[in-house]
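One structure is given below, encoded as structure tokens.
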Amino acid sequence: MNLYITRHGQTDGNVNKIMDGIRDIELNETGKEQAKITRDNLKDIKFDLIICSPLSRTKHTMEIINVNNYPVIYDDRIKERDCGEFTGKGFESLDRDLYWNYYDKTKYEKAESIEHLFNRVYDFLNEIKEKYKDKTILLVTHEGITKTINCYFNGVPKDGNLQTLGLKNCEVAKYQL
């Protein structure tokens, strides 16, 4: 399987360093333009299927990219990490190096644990690996999911720090399954 992954276009929360998590927000104008550039970069690739997070920012990105009208499936397992009590707060509201450390066992009041995030994304990847083994798939998802996917293919860094592993807005990565 050829697996292409892109992160949604920019949002105001990205610009203002806000923890959006699963909050349903829209792309800003820059995000729409980023999606158009990604569309142009991907337009000659024949996808069998697009799998997209059901949140508005990913759906809108996918709609801009999907000029060839490929079939689309929405899957909750590739929604962003639920930031729980940090949703809507600035990055400074928590220690992001700790929050995005694979080995951290902090129990948050409502925020999704890193363990739960990895389990749901790995479950998703294992399922599509079997179900679509000879296909070319595009995932449209979020930064936290791209960090987790990076670890699936490349392993968790020795120090557990995932901070630098995510894709930038509308950046594309390709993996072979």
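The values are calculated or read from the model by the stated rules, or taken from the named source; none is laboratory data. Fair warning: this is a prediction, and the values are worked out from it, not measured in the lab. Note: ideal-geometry Cβ built from the backbone for every residue, glycine included; neighbour counts use all protein chains shown. Areas reflect the complete protein model, heavy atoms only, side chains present, ligands, DNA and RNA absent. Shrake-Rupley method; radii C 1.70, N 1.55, O 1.52, S 1.80 Å.
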- Message: Using a probe radius of 1.4 Å on heavy atoms only, what accessible surface per residue do you get for the range 48-177? Whole Å² is fine.
- Response: 49 Å²
- Message: Given points 7 Å out from each Cα along the Cα-Cβ axis, report the residue 1 to residue 69 separation in nanometres with one decimal.
- Response: 2.6 nm
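Going by the alpha-carbon gyration tensor, a ≥ b ≥ c the square roots of its eigenvalues, is the range 83-174 rounded (a/c under 1.5) or, if a/c is not under 1.5, prolate (a/b greater than b/c) versus oblate?
Taking the square roots of the gyration eigenvalues as a ≥ b ≥ c, the range 83-174 is prolate.
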- Task: Determine the shape class of the range 1-157: with a ≥ b ≥ c the square roots of the Cα gyration tensor eigenvalues, call it rounded for a/c under 1.5, and otherwise prolate if a/b is greater than b/c, oblate otherwise.
- Result: oblate
- Only Lys, Arg (+1) and Asp, Glu (-1) charged, at Cβ; the chain dipole about Cα centre in debye: 400 debye
- Task: Per DSSP H run of at least 4 residues, take -39500 (n - 2.57); add these up for the chain, divide by its residues and hand me the 222 nm value, nearest 500 deg cm²/dmol.
- Result: -10500 deg cm²/dmol
- Assuming R0 = 25 Å, what is the FRET efficiency of residue 171 and residue 110, from their Cβ-Cβ distance, to the nearest 0.05? 0.30
- Query: In a GNM of the chain with a 10 Å cut-off on Cα contacts, which of 14, 161, 69 has the highest mean-square fluctuation?
  - Reply: 69
- Query: Hey, got a sec? Which GluC sites (Glu not before Pro) in the range 1-50 land in a DSSP loop and have at most 16 other Cβ atoms within 10 Å?
  - Reply: 26
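Please report the carbon-and-sulfur percent of the accessible area for the range 1-70; probe 1.4 Å, protein heavy atoms only, DNA, RNA and ligands left out.
On the way: 1340 of 3140 Å².
Looking at the range 1-70 in its full context, I get 43 percent from C and S.
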- Message: Between residue 98 and residue 134, how high is the FRET efficiency from 1/(1 + (r/R0)^6) when r is the Cβ-Cβ distance and R₀ = 41 Å? Nearest 0.05.
- Response: 0.50
- Message: Of 50, 6, 102, which is farthest towards the positive pole of the range 1-119's charge dipole, taken about the Cα centre with +1 and -1 on the beta-carbons of Lys, Arg and Asp, Glu respectively?
- Response: 50
- Note on the structure: Comparing 79, 158, 32 in a Gaussian network model of the chain (Cα, 10 Å), the one with the largest mean-square fluctuation is 158
- Query: Roughly what % antiparallel, to the nearest 5, for the DSSP beta bridges in the chain?
  - Reply: 35 percent
